[in-house]
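Here is the structure we will look at, set down as structure tokens.
Please treat every number below as a calculation from the coordinates, not as lab data. As the structure is a prediction and not an experimental result, all values here were calculated from the model. Every residue, glycine as well, gets a Cβ built from its backbone with ideal geometry; the counts of neighbours run over all protein chains shown.
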Ligand SMILES: [Zn+2]
């Protein structure tokens, strides 16, 4: 029975493939006879490409194993016998199957046709650009997307694709231009993203040591949206200028606004240009050290309520080898707060081990494990994730049988 069914499947598939080929060849011949004038740009090897496509398509359909995709595609052909749609469907199928070259040939041949509407040609050009894009031909993708925009500027998806490409290759000038264009076409506010792009641009200047240009782009960025990354870069420029009062003030503002980013802020402050001259380097690092001292000495009660503030203080102290100080701060914090996060508890246990406070390690670890144990169920459903300590042979949530599993991982 199985063998019979398989034979049928192959048979039907081949039959339909042959029918499609005949339809395609029919259209191909008609076109050839009418002596189509090809557009200048895609004149070369169009007919050669077309005949290749017919062969490839047939081969693909007969030997391909993407049964479902093909069957769906064939259904579509039955309903709508327009060849143009057949081409688009085939092109899309090839592209999604990773056969970019074949997709490119199909879309090129569509663009070259004289007897199609301008909107179809535009659609084909757009598809071609996506082929190049998916195939990793970045330059060609950019060129073709731009060709699409030359015909019709009002295309959100195309502009967005260009934005993505330019951001990928870190061409921030172009990324900025197209993001501006996008903000005019779409209804989504792009200010935040534009700010990020300008910050990236400014960062490049910063790392090169061109602080004046960095300042310029950064001012623009802040005008679009005061993103965290913009504010961190502004702080770095203030440190470069040697304005330590300003640096302290800006750091404090930044921490108050984004206490969760405390660790991250200092990580970002530590990034400096490799090609900076020695004077810039030494000055910057010395001033950063002063700022770190200021951060460790902070006594702002409200600010120190945030676990991430404490965590980054503790880590900074550990980096400097000051384990006793780190222990003191963390111990005080943990005793003052009822439910410290797991990360803080682990950090605390690590500190206790470092300081060889064995008795306290044992009691802390016991408490920690007890808590983890309480928060985890013994069993769970493999199919839907339902959790329970009971034994269930039929899952009460998804009603599958024997999906119960024992928990091995946290
Ligand atoms: Zn279930």
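Computed extension gain for residue 168 through residue 358, at 0.36 nm per residue and net of the alpha carbon distance, reaches 63.3 nm.
Once the Cα-Cα distance is subtracted from the 0.36 nm per residue extended length, the residue 400 to residue 286 segment shows a gain of 34.7 nm. Of the residues 148, 290, 361, the one with the fewest other Cβ atoms within 10 Å heads the list, and the complete ranking is 290, 361, 148.
How big is the Kirkwood radius of the stretch 130-202, worked out from every pair of different alpha carbons and given in Å to one decimal?
Values: mean 1/r = 0.0808 Å⁻¹.
Every distinct Cα pair counted, the radius reaches 12.4 Å.
In this calculation the C-beta distance from residue 257 to residue 192 is compared with R0 = 22 Å, giving a FRET efficiency of 0.90. Say R0 is 25 Å: what FRET efficiency, to the nearest 0.05, do residue 306 and residue 342 get from their beta-carbon distance? With R0 = 25 Å, the Cβ-Cβ based efficiency is 0.95. Only residues of the stretch 389-410 count here: report those whose backbone N is under 17 Å from the spot 7 Å along Cα→Cβ of residue 379, or say none. Residues 389-409 qualify, since their backbone N sits under 17 Å from the label point. Measuring r between the beta carbons of residue 210 and residue 177 and using R0 = 22 Å, the FRET efficiency lands at 0.60.
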